[in-house]
Structures are given as structure tokens and as C-alpha cells.
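Enquirer: My questions all concern the structure below.
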Amino acid sequence: MARILIATAMIIQLGSPNPIALAQEGTGSSDKETGARGRRTPKPVAVKMYMLKHARADQIGPLLQRLIRNCQIVTDSRTNSIIVSGDAMQFVAFEDLLGDLDVDVGSKSQATSDVEIIRIKNRIVADIADRIVEVFERSSDHANWSVAADNSRNSLLLRGRLPFLESARAIAHQLDTPAATIQLDFAFFRADLNDTQASGAVPQDLAEVTEELKRFGRYEIVGRLATVAVEGQEFSIEGSIGDEMDVRISGDLKKAAPDGAVRLNVGAHLRLMQASSSEDGAKRGRLKTSAFEVNTTLETRRGDTIVIGTAPAGWKAGESAILVVHVRM
């Protein structure tokens, strides 16, 4: 009897229009006969074989057996198939469950959108969000993803399918590295072509510009300023010496490469002030002022010291103000 049933199942699998009827004929019994004897009509039994496309038969077969009672389920690992013996209602339940379990897990996760939050530790989250948008804004499925920056928590909010989330996450982690920093030392010198006295001492770390300073006559250092600049960020520093000088330096560090290359914008303003004097030497309230200003872009390296600006500044012809910058190692 078992051979007849299995053969019938193979015929059913090949497309019989009424599998239950064929299975019933194979058993050799009829509803009419059973009814005549006064017994309850048994439900028709059939056998079907299902070949799985994605899931493993030996994994989901036992699960289906526990979920669908009173039917027999056998797995065939060689063909990755499940053989089921049951009635029509059991086949309906079995096929519904099988449709949910025999799926490509990767394709299913790619077809649904998800949300991911990434905490940015080293950079400004809005900058990273802008970079990610630039990468994906020309993609064909623009409507299926979004990027937002939570400035209060410095976090990145991503929504989209799995491939987008994986790519955006990789970009964010690559960009979220500690920003490079450099220390900048600025020094102002005052020079006078009319003064024949010996020049003042030059600090050792600025010694390489001594020859350049000599071109402007006798020189002496007026003051120094220092700051730490962060790559991609602006910097500003200012100070004064008594009532005689105000200085302000600002700019932004464009690049501080691992190989030592540095590019930065610098804007410097120096104002010299001197009270006017009477013939007897008494100072009056009116101030005489002289200004120095320079705006430039520097391409240099760590460890370099360069003169970045010179301009007439002082109270008589031949006087100059000189700005030197030293990029520390």
C-alpha cells in the first residue's frame, strides 16, 4: 500500500488537478461504502513532496511537525525536500507555514527598511551627514533612504534598506576619526632700517628666519602668540601689550596630513598706538596709530618657520612690522 501512495504523490506533484481524489482512489475505499456500514467517513489522505529553495529541510521539518499535528512529515536531506502525508486541511496549514519559512533571509531583510543610530565621537555629526548624502544623493532609490543629524547628541540617524545601512555605516566609521591637530606659534617683529644698533635676540625655534629679518634693518621681537589648530576648524587668538599694541590672528586649518604637509588660511591684524607728546615731553590724550594687516593661504610643513607678512608700520619712514609663523612638529 505504501508504494501505491508514494507513486500517487509523485503524480500529484507533476500537476494532477485533483490530488485528493487520486490519493483516495489509491486506497481502494469509498465514502459510500463507509457510510453504508454506519462508521464516520475518514478524511482523504494524500502524500506530497516539497522541494525547498532556501531553507534546509532537516532544520524546518521538525518545526513543522510540532506545529501541524496528526500528519506525518519526513525530510530528505539529499534532495532538500519534505515529504508530507495528511489531509486537505493539513496541507493548507503546511503550505502557509512553509511559505513563511522557506524564504531567502538576505532578500527579505534587504526589502524592508530599518533605522540605525550611530554615535559620532570625534567629528561634527552634521559634516558626516553631509558627506553621506553627497555619496548617495544620485542613487536611483533616493526615496528609500534618509540621513539626519542629531546635533544635541552628536548622533547620526540612518533609515533605509540593509545595503544602504551597511554602506553608510562604513562611511561614517571611516570619517569619524580623531581630527589632526597642530600647534601654531606666531611672532611679531618690529624692524627699523634707520637704526644701526645691533638687533635683538631671536628665539632658537625662529632662528631659521634670521637672514630674512635682516633685510628690514635692526629688528626686535614685539610679542608671541600660540594656539592649537584642529583640522577643518577655525581658530582665533588675540592679545595686547599695554596700551601700545593690539594684535588679532584668526584662520582655519585646511589640512594636516600624516606626511607632515600643512595648509592653512591666516588673517592677522596688528595695531600700534602711541600717545602724542608736547615739546616738553608731556604725553597728550590724542593717539597716533599704525596698522598692519595680512590675509594669506600657506602651504607648508610641520617644523617650518616662515615670514608670512611684512608691511610698513611705525612712526617714521623705514619702520616695519613682520609676522612670522612656526608650525611645531
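Enquirer: Going by what's in this entry, would residue 273 be described as of a type outside the set (Gly, Ala, Ser), modelled with pLDDT under 85 and either within 32 Å of the chain's Cα centre (by Cα) or within 25 Å of residue 205 (Cα to Cα) (or both)?
Expert: It is false that residue 273 is of a type outside the set (Gly, Ala, Ser), modelled with pLDDT under 85 and either within 32 Å of the chain's Cα centre (by Cα) or within 25 Å of residue 205 (Cα to Cα) (or both).
Enquirer: Just to be sure before I move on: is residue 228 under 29 Å from the mean Cα position of the chain (by Cα) and in a strand (DSSP E or B) in the structure I sent?
Expert: Taking the combined requirement at face value, the residue satisfies it.
Enquirer: Ok, one more. Please verify whether residue 186 is modelled with pLDDT under 90 and either within 39 Å of the chain's Cα centre (by Cα) or not assigned by TED's automatic domain parsing to the domain that holds residue 313 (or both), treating the condition exactly as stated.
Expert: no
Enquirer: Tally time: how many residues in the range 170-194 are in contact (Cβ under 8 Å) with a residue 60 or more places away in the chain, surrounded by fewer than 17 Cβ atoms within 10 Å (Cβ to Cβ) and touching an Asp or Glu at 6+ places or on another chain (Cβ under 6 Å)?
Expert: Step one: list which residues in the range 170-194 are in contact (Cβ under 8 Å) with a residue 60 or more places away in the chain, which gives 180-194.
Still in the list and also surrounded by fewer than 17 Cβ atoms within 10 Å (Cβ to Cβ): 180-181, 183, 193-194.
Restricting the remaining residues to those that are touching an Asp or Glu at 6+ places or on another chain (Cβ under 6 Å) gives 180.
Qualifying residue count for the region: 1.
Enquirer: May I ask you to list the residues in the range 77-94 that are touching a Ser or Thr at 6+ places or on another chain (Cβ under 9 Å) and of a type in the set (S, T, N, Q)? Working first, answer last.
Expert: The initial filter retains those residues of the range 77-94 that are touching a Ser or Thr at 6+ places or on another chain (Cβ under 9 Å), namely 81-83.
Listed by number, the list holds a single entry, 81.
Enquirer: Mind counting the residues in the range 237-268 that are small (Gly, Ala, Ser), more than 19 Å from residue 322 (Cα to Cα) and touching a strand residue (DSSP E or B) at 6+ places or on another chain (Cβ under 8 Å)?
Expert: So the count comes out to 3.
Enquirer: For the range 82-92, enumerate the residues that are in contact (Cβ under 8 Å) with a residue 24 or more places away in the chain and surrounded by 16 or more Cβ atoms within 10 Å (Cβ to Cβ).
Expert: Answer for the range 82-92, where residues must be in contact (Cβ under 8 Å) with a residue 24 or more places away in the chain and surrounded by 16 or more Cβ atoms within 10 Å (Cβ to Cβ): 82, 83, 84, 85, 86, 87, 91.
Enquirer: Something else about it: Answer yes or no as to whether residue 133 is surrounded by 13 or more Cβ atoms within 10 Å (Cβ to Cβ), of a type in the set (Val, Ile, Thr) and within 26 Å of residue 235 (Cβ to Cβ).
Expert: no
Enquirer: Consider only pairs whose beta carbons are under 8 Å apart and that are at least six residues apart or on different chains; among these, list those whose first residue lies in the range 252-271 and is at negative phi and whose second residue is among the aromatic types (Phe, Trp, Tyr) and part of a strand (DSSP E or B).
Expert: Note: pairs meeting the criteria are 252/235; 253/235; 268/186; 268/292; 269/292; 270/188; 270/292; 271/292.
The values are calculated or read from the model by the stated rules, or taken from the named source; none is laboratory data. Being a predicted model, the structure only gives us computed values, none of them experimental. Heads up, the Cβs are rebuilt from the backbone with ideal geometry, glycines too, and the neighbour counts pull from every protein chain shown.
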